[in-house]
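The values are calculated or read from the model by the stated rules, or taken from the named source; none is laboratory data. In this text, all values refer to a predicted model and were calculated from it rather than measured experimentally. Glycine gets a Cβ as well: all are built from the backbone with ideal geometry, and neighbour counts include every protein chain shown.
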There are 2 protein chains.
Amino acid sequence: MGVTIAIDCMGGDHGPAVTVPAALSFLRSHADANVILVGREEAIQPLLGTAQSEFGARLKLRPASEVVTMDDPPAIAMRTKKDSSMRVVMDLVKAGEANAAVSAGNTGALMAISRFVLKTLPGVDRPAIATVLPSMRGHTYVLDLGANVDCSAEHLLQFGVMGSSLVAAIEHKERPSVGLLNIGEEAIKGNDVVKEAADLLRASGLNFYGNVEGDDIYEGTVDVVVCDGFVGNVALKTSEGLAQMLGAMLKEEFSRSLLTKLMAAVALPVLKRFKQRVDHRLYNGAPLLGLRGVVLKSHGSADVLAFSTALARAAEAASNRLIERISERMASMNEVKA
Amino acid sequence: MGVTIAIDCMGGDHGPAVTVPAALSFLRSHADANVILVGREEAIQPLLGTAQSEFGARLKLRPASEVVTMDDPPAIAMRTKKDSSMRVVMDLVKAGEANAAVSAGNTGALMAISRFVLKTLPGVDRPAIATVLPSMRGHTYVLDLGANVDCSAEHLLQFGVMGSSLVAAIEHKERPSVGLLNIGEEAIKGNDVVKEAADLLRASGLNFYGNVEGDDIYEGTVDVVVCDGFVGNVALKTSEGLAQMLGAMLKEEFSRSLLTKLMAAVALPVLKRFKQRVDHRLYNGAPLLGLRGVVLKSHGSADVLAFSTALARAAEAASNRLIERISERMASMNEVKA
């Protein structure tokens, strides 16, 4: 029997209108996987159509009466909304009824609830959020993306361990290379925390490449890029902004006149292929790492394709023993230290 | 009489082969400007051709026997190479013989030498490096880009003042909007330094917009984005990497087959226009702000077009009273505090 994914159907900008069709598409493409749809029955049921007879026991619906909104402070969401869809998916993972939880809801609340319900793995101080980005040579995994704003060198080391385990599980690379994000100005290479983190990573037994710079993310210099959550979040958002601007400008240039529109029509197949290659929807689903369970955060604005990508990635992580890999590495590192 | 730019002809990956032709091109396009070419006479002279008779007194050559290399530690470059081209351009600005200095050399050394020779303006703790990036609505100025790795809230405030003065001088906007780079995660909005800096900026009398995120740089949400040098450097390098990757992928898709090559040929005029619009060479020339003189750092790999852009920007900054604007604002802010 394959993995079971618990889906917070109420999260994200579009709620069940996106999460339910994405769940059905995931079931179709993953013949041995199961899903538990969690949320308000009256919102989910009408979107199921004939799915229940089509998928039988592979599709379950678990009602949850409350919804965590984007404005809910994490502490409030965690303490007062005990029957929220976000809370129930986590309870299902905790109880072993599901192998992974996926939500497009409020990131802060998701982090707080998952940490409260699942707890962190031994040796992990703080869970991190990782993402995967396209690179010239394949993919680059980057963490942390905003969960941890002020990081110690020890935290950065833990991110290295977790990121390395993630790539081992998902990309089937046994010794992924790990780079530490730094700046290359001649005089002033990095701050003290980064310098200390480099020493720890060098001694960690990980496949540590050394310092990398921002452009190495897209060069594909290493498999995993480690940084604190402030820097990672800025790098990601800046990339999103630049990609959007370039896309909009390209479109503008091609719609300038009838002639350029004709040129666009001719070039369309190539432009489409290009767009597909860098389609951010194919990179959706950021794992929360360091917890005693697989949890993935989908982008809030995810559409059906993007959300089903996150589901597929959750299935991949769960079936490739992500949690076990992280805790094994953590344990072996702590042995070395002791 | 127009402004005079002192040019470090020996700096950068290509040295005089780029800096000298760029200087001549600058003289041609700026009929009332003057240049002083600084460096090894035997390397510069052969590249001048008939320029000396063409430009007469507008073109001067000032020999300097030493060269700061990319590997020179800043302190060594500053203390031991007293006749370097980088040092001499700064001496010329200090002596009032030139209105601005431009170099494509070692950033750390340039910062150290300019700080040592020119000194900082009253109220400025540390000079910062600023750059301008294209945005959906025009340009966005970002600082700091790597000169200051660990910044206090007070430093970020000073960057806001300097960035605002820069935009006032170069873009002729009297009250440029200033944003503070932060992250938008619900739970965890920024670190303590950034929170404190927001309070200082709000009380500063600047046109403070509030927090912005990475994507706002390319949205063009504000005229000036303020951040510490580590974050700014990562944002810039990440952008460079992404732009390069997207360019390479677009090229790859268009060269896949004879058919796609034909499509590329058809679309060429549009692709060229697009490329021109985001050509990084048109954004070359990062001012070092907070000094008692105009200093611009060119990208080390700048070509003739890029380096002459930096020269034009230096002329613009010098003739629009950049230094006076910064010191006036600093003074009026310190009055308020006192």
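Would you be able to say whether some residue in the range A:298-307 is among the aliphatic types (A, V, I, L, M) and under 14 Å from the mean Cα position of the chain (by Cα)? Yes, the range A:298-307 contains at least one residue that is among the aliphatic types (A, V, I, L, M) and under 14 Å from the mean Cα position of the chain (by Cα).
Among the residues of the range A:216-228, those identified as buried (at least 24 other Cβ atoms within 10 Å of the Cβ) and more than 7 Å from chain B (Cβ to nearest Cβ) are A:V222, A:D223, A:V224, A:V225, A:V226, A:C227, A:D228. On inspection, A:L311 does not qualify as farther than 30 Å from A:P16 by Cβ, hydrophobic (A, V, I, L, M, F, W, C) and in contact with a strand residue (DSSP E or B) (Cβ under 9 Å, 6 or more places away or on another chain). Criterion applied to A:R202, A:R256 was being of a type outside the set (A, V, I, L, M) and more than 10 Å from chain B (Cβ to nearest Cβ), and the one residue passing it is A:R202. Tallying residues that are within 15 Å of A:A101 (Cα to Cα) and assigned to a helix (DSSP H, G or I) within the range A:292-310 yields 4. The numbered conditions (1) touching a strand residue (DSSP E or B) at 6+ places or on another chain (Cβ under 6 Å); (2) at pLDDT 85 or above are all true for B:V278 except (2). Each residue in the range B:84-100 was checked for being more than 17 Å from B:P16 (Cα to Cα) and over 19 Å from the mean Cα position of the chain (by Cα), and 6 pass.
Yes/no matrix, rows are residues, columns are (1) among the charged types (D, E, K, R); (2) touching a residue at least 60 places away in the same chain (Cβ under 8 Å); (3) in contact with a His (Cβ under 8 Å, 6 or more places away or on another chain):
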site	(1), (2), (3)
B:G123	no, yes, no
B:V132	no, yes, yes
B:G163	no, yes, no
B:V167	no, no, no
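Can you name every residue in the range B:11-45 that is touching a Lys or Arg at 6+ places or on another chain (Cβ under 7 Å) and assigned to a helix (DSSP H, G or I)? If the condition is that a residue be touching a Lys or Arg at 6+ places or on another chain (Cβ under 7 Å) and assigned to a helix (DSSP H, G or I), then B:L27 is the only one that fits. Within this structure, B:V20 fails the test of being crowded, with 19+ Cβ neighbours inside 10 Å and touching a residue at least 40 places away in the same chain (Cβ under 8 Å).
Against the list (1) within 24 Å of B:T107 (Cβ to Cβ); (2) out of contact with any helix residue (DSSP H, G or I) (no Cβ under 9 Å at 6 or more places or on another chain), the condition B:L258 fails is (1).
Yes or no, residue by residue, for (1) acidic (D, E); (2) within 14 Å of another protein chain (Cβ to nearest Cβ); (3) over 23 Å from B:M249 (Cβ atoms); (4) over 23 Å from the mean Cα position of the chain (by Cα):
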| position | (1), (2), (3), (4) |
| --- | --- |
| A:Q244 | no, yes, no, no |
| A:L271 | no, yes, no, yes |
| A:V278 | no, yes, no, no |
| A:V295 | no, no, yes, no |
| A:R329 | no, no, yes, no |
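None of A:V161, A:V142 is surrounded by 24 or more Cβ atoms within 10 Å (Cβ to Cβ) and touching a Lys or Arg at 6+ places or on another chain (Cβ under 6 Å) except A:V161.
The rows are residues; the columns are (1) under 22 Å from the mean Cα position of the chain (by Cα); (2) at pLDDT below 95.
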| site | (1), (2) |
| --- | --- |
| A:A168 | yes, yes |
| A:R175 | yes, yes |
| A:K189 | no, yes |
| A:V222 | yes, no |
| A:D228 | yes, yes |
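Residue count for the range A:31-71, restricted to those that are surrounded by 21 or more Cβ atoms within 10 Å (Cβ to Cβ), of a type outside the set (G, A, S) and under 16 Å from A:A109 (Cβ atoms): 3. Quick check: anything in the range B:195-203 within 24 Å of the chain's Cα centre (by Cα), surrounded by fewer than 23 Cβ atoms within 10 Å (Cβ to Cβ) and charged (D, E, K, R)? Taking every residue of the range B:195-203 in turn, none turns out to be within 24 Å of the chain's Cα centre (by Cα), surrounded by fewer than 23 Cβ atoms within 10 Å (Cβ to Cβ) and charged (D, E, K, R). One residue stands out among those in the range B:145-158 that are more than 20 Å from B:E328 (Cα to Cα) and not polar (S, T, N, Q): the one that is surrounded by the fewest Cβ atoms within 10 Å (Cβ to Cβ), which is B:D150. Consider the range A:259-269 and keep the residues that are of a type outside the set (S, T, N, Q) and at the interface with chain B (Cβ under 8 Å from one of its Cβ atoms). The one that is surrounded by the most Cβ atoms within 10 Å (Cβ to Cβ) is A:A267. If you go through the range A:309-317 one residue at a time, do you hit one that is of a type outside the set (G, A, S), in the same structural domain as A:N106 (by TED's automatic domain parsing), in contact (Cβ under 8 Å) with a residue 12 or more places away in the chain and out of contact with any Leu (no Cβ under 7 Å at 6 or more places or on another chain)? Yes - at least one qualifying residue is present in the range A:309-317.
Return yes or no: is A:V231 farther than 18 Å from B:S239 by Cα and either of a type in the set (D, E) or facing chain B (nearest Cβ under 7 Å) (or both)? No, not satisfied.
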